[in-house]
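Only the coordinates and a few stated rules stand behind these numbers; no lab work does. Note that the coordinates shown come from a computational prediction; the quantities given were computed from them, not determined experimentally. Virtual Cβ from ideal backbone geometry, glycine too; neighbours counted across all protein chains shown.
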Amino acid sequence: MSTKTICPGQDTRFWHPEDIFDSRCANCGSIIEFFKDEASQKCKKCGTRVQNPRLNMGCAQWCEHAKDCLGYDPKTESADSSGAENVGYDMSLADKIIDSVKMKFGEKSEQYKKIRTVHERVEKILSEKFGRPRIVIPASLLLTAGGNKIETIELSKDILKNAGMDNAALSDVIEIIEKFHNGERLNSDEFEIVVESNRLTEPVNIQHSF
């Protein structure tokens, strides 16, 4: 009787503590546990499918036996397109924003690199502090996406409307962005988290000493 051999790259016995981590649903704020090689998880509370913000496929990205390990081949298909669970797939708001920035500026652009960094940072902050994810995450990701105030606000409105954000939430996000660019402080937990998530990443000409 033969036994299946699992390569070290996918064998959890060789993983490190940071390879299993928590992230937040951008839609409702619930905690979701991720393994490093899971492309996405469906939120148990609201049903939104959330992409893994720190996806690491390891050797599966090039190994010819990847399909045997993962059940799909990451070189040719995504985990979300490979199974029946994909029915009713709903990309999270954060993923829609990140994809929009990627499409507009390119994968190698500074805007895209920054938004990925901010996404990881704001997820960590939200695991430790209270704030409405549906407001905090979009505002953090788009805070300086357009460079100056006018371009950032117009870009943010366009992206968030296309992502299906309701007018009330959109207004809250834009207020945070506008106050930041005006150098004004907004007395809210959401504003403080947005500023913290972007600290030292915004252009020098619009840094503020909040």
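Taking every alpha-carbon pair under 8 Å whose residues sit at least 6 apart, region 93-205 reaches a relative contact order of 32 percent.
Placing pseudo-labels 7 Å out from each Cα toward the beta carbon at residue 35 and residue 113 gives an inter-label distance of 3.2 nm. Pairs with C-alpha atoms separated by more than 18 Å, drawn from the list 42/102; 96/124; 104/161, are 42/102; 96/124. For GluC sites (Glu not before Pro), the sites in region 91-128 that DSSP calls loop and that have at most 16 other Cβ atoms within 10 Å are 107, 128. Using 0.36 nm per residue and subtracting the Cα-Cα separation, the extra length available between residue 130 and residue 103 on full extension is 6.6 nm.
A Förster radius of 25 Å, combined with the Cβ-Cβ distance separating residue 55 from residue 162, puts the computed FRET efficiency at roughly 0.55. Here region 91-210 has an Rg and Dmax of 12.8, 35 Å, counting Cα atoms alone.
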